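Here is the structure we will look at, set down as structure tokens.
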Amino acid sequence: AWSLDAAQSLSTSGPQASQLSAISCVSAAFCVAVGSYTNAIGTSQNLLLTWNGSAWSLDDSASLSTSATQANQISGITCVSTTFCVAAGLHSVGTVIQNLLLTWNGSAWSLDDSASLSTAATQDNQISGISCASAAFCIGVGSYITGTVIQNLLLTWNGSAWSLDAAQSLSTSGPQASQLSAISC
């Protein structure tokens, strides 16, 4: 049977809006749920919740954000074990949106250098879905904007580094919009 968890204990402080967008479980004793919340100055920030088999805990998402004054939002999560998870989404750099990748090593989350994964520092880039088949193979999907046209974005993890795939060749022909939103491996 389904039961409603006490959401109040999972919220950030005060009357701030929070939203979960994805969840990944490797067992009945380990799940990670991700999303975002609005901080005191009205900016979207990362939200990570961990399930240990009996209770949810709120991870310190402040250390996982690029800035408290710039938007940060996690939209996807994939875990292949209790020692390897990847969370993906976006963060803003001024008026430009860029990729955001966080990695779990079993004891802490780390912020990956997502600037090198973007198509250009002046173009919007966003990862909306992520899936890992193992700790040595992951694919992130989303979109980037070329001028005014949205195109597919594909990122691949080989166990040690992320690479930007040639998404243009996977798009529809001409100036048509093309956007990937989810993936499963």
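The values are calculated or read from the model by the stated rules, or taken from the named source; none is laboratory data. Keep in mind that this is a model prediction, so the values were computed, not measured. A quick note on method: Cβ atoms are made from the backbone with ideal geometry, for glycine too, and the neighbour counts reach across all protein chains shown. Note: accessible area is taken over every heavy atom of the protein model, side chains too, but ligands, DNA and RNA are not part of it. Shrake-Rupley method; radii C 1.70, N 1.55, O 1.52, S 1.80 Å.
From largest accessible area down, sort Tyr37, Tyr144; use a 1.4 Å probe on the protein chains.
Result, largest first: Tyr37, Tyr144.
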Quiz prompt | Residues with amide H under 5 Å from that of Ser75, placed H, sequence gap 5 or more | solution = Ala88, Gly89, Leu90
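Going by accessible area, probe 1.4 Å, with all protein chains left in place, what is the ranking of Thr69, Thr119, largest first?
In descending accessible area the options line up as Thr69, Thr119.
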Practice problem: Give me the percent of the accessible area of the range 16-107 that comes from carbon and sulfur atoms, probe 1.4 Å, all protein chains in place. | Solution: 54
Practice problem: Would you grab the residues whose amide H sits under 5 Å from the one on Leu180? Only those 5+ places off in sequence or on another chain, please, with H modelled 1.01 Å from N. | Solution: Gly142, Leu153
Quiz item: Ignoring ligands, DNA and RNA, how do Phe84, Phe137 rank by accessible area with a 1.4 Å probe, largest first?
Solution: Phe137, Phe84
Quiz item: Want the number for Cys185 to Thr156: 0.36 nm per residue separation, take away the alpha-carbon distance, what's left?
Solution: 9.3 nm
Quiz prompt | Calculated FRET efficiency for the pair Cys25/Ser163, C-beta based, R₀ 25 Å, to 0.05 | solution = 0.35
Exercise. Taking 7 Å along the Cα-to-C-beta vector as the label spot, tell me the Gln176-Asp60 distance in nanometres, rounded to one decimal.
Key: 4.9
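Once the other residues with Cβ under 14 Å from the Cβ of Leu90 are scored (Lys, Arg +1; Asp, Glu -1), what is the net sum?
Neighbourhood net charge equals -2.
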